[in-house]
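Encoded as structure tokens, here's the structure I'll be asking about.
The values are calculated or read from the model by the stated rules, or taken from the named source; none is laboratory data. Predicted model, so just to flag it, every value in this text is computed and none were measured. Here the Cβ positions follow ideal geometry from the backbone for every residue, glycine too, while neighbour counts run over all protein chains shown.
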Amino acid sequence: MTPREVVLGGRRLVVCVGSGGVGKTTSAASIGLWAAMQGKKVLVLTIDPARRLANSLGLTEFGNDERRIELSSVEVQDGGELWAMMLDTQTTFNELIEEMAPNRETAQRILDNPIYQTMSDTFAGSQEYMAAEKLHDVVTTGRYDLVVLDTPPVKNALDFFEAPGRLSRFFDRQVISWFLNPPKRTGFLGSLKQGTSTVIWKMLGYVFGHEFLDDLSDFLLLFQDMYEGFRERHQTVLNLFRSEECSFVTVCAPTEPSVEVAGFFSEQLSERGYPRGGTVVNQVHLCGDVALDPQALLGSQAKELSEDLEDWTAASLVARLGAAHRRLRALAAGERALIEKVQVFSSGFLLEIPRLEGEVHDLQGLARIASFLFETPVSTES
């Protein structure tokens, strides 16, 4: 499988995964740009708050609404459009409540509830969960030919995969069920259990305050009506991840920590039955195996340097050039060994993107990255 087959092969979703700082956001944006240049309507959904991506896309504002990117500086086939959205997790959570609540009054009561306001900070901080929720909306509506998801950089690689079911599991816990459905039984055992519940309730009230317990009970009862909706969304996202309409692309850099995370991601993708499109290794130092002879390389310029500078200064410059090249060769050799490790767990294509000077700061820069992604694939089918 090649990157072209991943993007043009009828898939609706490409998910870029990997650790932070490896060029994952840039890779996702470049994939989206290239697909738009081929005539597709594309949305790049990113969690990265860095302004450099917004600048690269020509945006002065970048938020929770979908923004169309002006593509006049690149060649685009008919029908091609590029849209971008940077996820605002708090706004997304509030919009989700408004959508899932049975009526406006219930939604407002939840939004105003102190427990929700506290809890939403925690859940809104879980960018993986909100990414999955927003993904459900933009993919299921069918507004785009392709959605490219730039997953958040995670400390624990499992966070993203576990995110869709997080809220469902929250409501599955027995302690939550106890609040929602306090035991009501007849007879001696029923009275004993009911009495125990009353004691526990009074103790919790003493510790946390009865106002807190009232807010908590009100919140849970209001949320209960939306429980099945969250469960259905969870299953829809899981089904999409496992379908042939989705492809996961692992992004890493040629460093030990990044390769280790990429290997773990690949393992988790396989265990969950998620389709793997391939692996992108960014920031690779390219250097030939032949030793550099600075004196031979400079030729007549070395003589000119000697005339313009002191002889020892020119010789020092030549020596430093040779030493720098030896360090580059050693660095490239170390990266080559790490890329060989990537080949072991990579499935689909394996691409090496050379390290480029400076940051990507415009569409031409993204198009340049895209040319490496789609023009020179190295296939490692498995």
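Does any residue in segment 228-252 that is surrounded by 14 or more Cβ atoms within 10 Å (Cβ to Cβ) and modelled with pLDDT of 85 or more come within less than 6 Å, Cβ to Cβ, of a residue that is of a type in the set (D, E, K, R) and in a strand (DSSP E or B) six or more places away or on a different chain, and which pairs are these?
Listed pairs, sorted by first residue: Phe248/Arg276.
Further question on the same structure: Residues that are in a helix (DSSP H, G or I), buried (at least 19 other Cβ atoms within 10 Å of the Cβ) and modelled with pLDDT of 90 or more: does segment 328-336 have at least one?
Yes, there is a match, as at least one residue in segment 328-336 is in a helix (DSSP H, G or I), buried (at least 19 other Cβ atoms within 10 Å of the Cβ) and modelled with pLDDT of 90 or more.
Hey, which of the helices (runs of 4 or more DSSP H) in segment 74-130, taking only ones fully inside, have at least 1 residues that are at pLDDT below 70?
Of the helices (runs of 4 or more DSSP H) lying wholly inside segment 74-130, those with at least 1 residues that are at pLDDT below 70 span 114-125.
Could you figure out which of (1) in contact with a helix residue (DSSP H, G or I) (Cβ under 6 Å, 6 or more places away or on another chain); (2) surrounded by fewer than 23 Cβ atoms within 10 Å (Cβ to Cβ) isn't true of Trp83?
(1)
Looking at (1) at pLDDT 90 or above; (2) over 25 Å from Ile369 (Cα atoms); (3) among the small types (Gly, Ala, Ser), which is the only condition Ser266 fails?
Condition not satisfied by Ser266: (2).
Something else about it: Could you grab me the full set of residues in segment 74-83 that are farther than 20 Å from Ser371 by Cβ and in contact (Cβ under 8 Å) with a residue 40 or more places away in the chain?
Of everything in segment 74-83, those that are farther than 20 Å from Ser371 by Cβ and in contact (Cβ under 8 Å) with a residue 40 or more places away in the chain turn out to be Gly79, Glu81, Trp83.
Restricting to segment 1-22, name every residue that is out of contact with any Ser or Thr (no Cβ under 9 Å at 6 or more places or on another chain) and either assigned to a loop (DSSP other than H, G, I, E, B) or among the β-branched types (Val, Ile, Thr) (or both).
Gly10, Gly20 - these are the residues of segment 1-22 that are out of contact with any Ser or Thr (no Cβ under 9 Å at 6 or more places or on another chain) and either assigned to a loop (DSSP other than H, G, I, E, B) or among the β-branched types (Val, Ile, Thr) (or both).
Which of the residues belonging to segment 56-73 are in contact (Cβ under 8 Å) with a residue 60 or more places away in the chain and not in a loop (DSSP other than H, G, I, E, B)?
The answer is Ser56, and nothing else.
Same structure, new question: Say whether the condition of being assigned by TED's automatic domain parsing to the domain that holds Pro257, part of a loop (DSSP other than H, G, I, E, B) and charged (D, E, K, R) is met by at least one residue in segment 33-54. Please lay out each step first, then the result.
So the first thing to find is which residues in segment 33-54 are assigned by TED's automatic domain parsing to the domain that holds Pro257, and the list is 33-54.
Pick out the ones that are also part of a loop (DSSP other than H, G, I, E, B) and you get 38-40, 47-50.
Now narrow it down to the ones that are charged (D, E, K, R): 40, 48.
Yes: segment 33-54 contains one or more residues that are assigned by TED's automatic domain parsing to the domain that holds Pro257, part of a loop (DSSP other than H, G, I, E, B) and charged (D, E, K, R).
Table: residues versus (1) among the aliphatic types (A, V, I, L, M); (2) more than 23 Å from the chain's Cα centre (by Cα); (3) on the phi > 0 side of the Ramachandran plot.
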site	(1), (2), (3)
Arg326	no, yes, no
Glu340	no, yes, no
Gly348	no, no, yes
Glu359	no, no, no
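Out of all the residues in segment 217-267, which are among the charged types (D, E, K, R) and part of a helix (DSSP H, G or I)?
If the condition is that a residue be among the charged types (D, E, K, R) and part of a helix (DSSP H, G or I), then Asp218, Glu228, Arg231, Glu232, Arg233, Arg242, Glu256, Glu260, Glu267 are the ones that fit.
Next question. Which one of these is over 25 Å from the mean Cα position of the chain (by Cα), in contact (Cβ under 8 Å) with a residue 60 or more places away in the chain and buried (at least 20 other Cβ atoms within 10 Å of the Cβ): Ile31, Ile110?
On the way: Ile31 fails: over 25 Å from the mean Cα position of the chain (by Cα).
The unique qualifying residue is Ile110.
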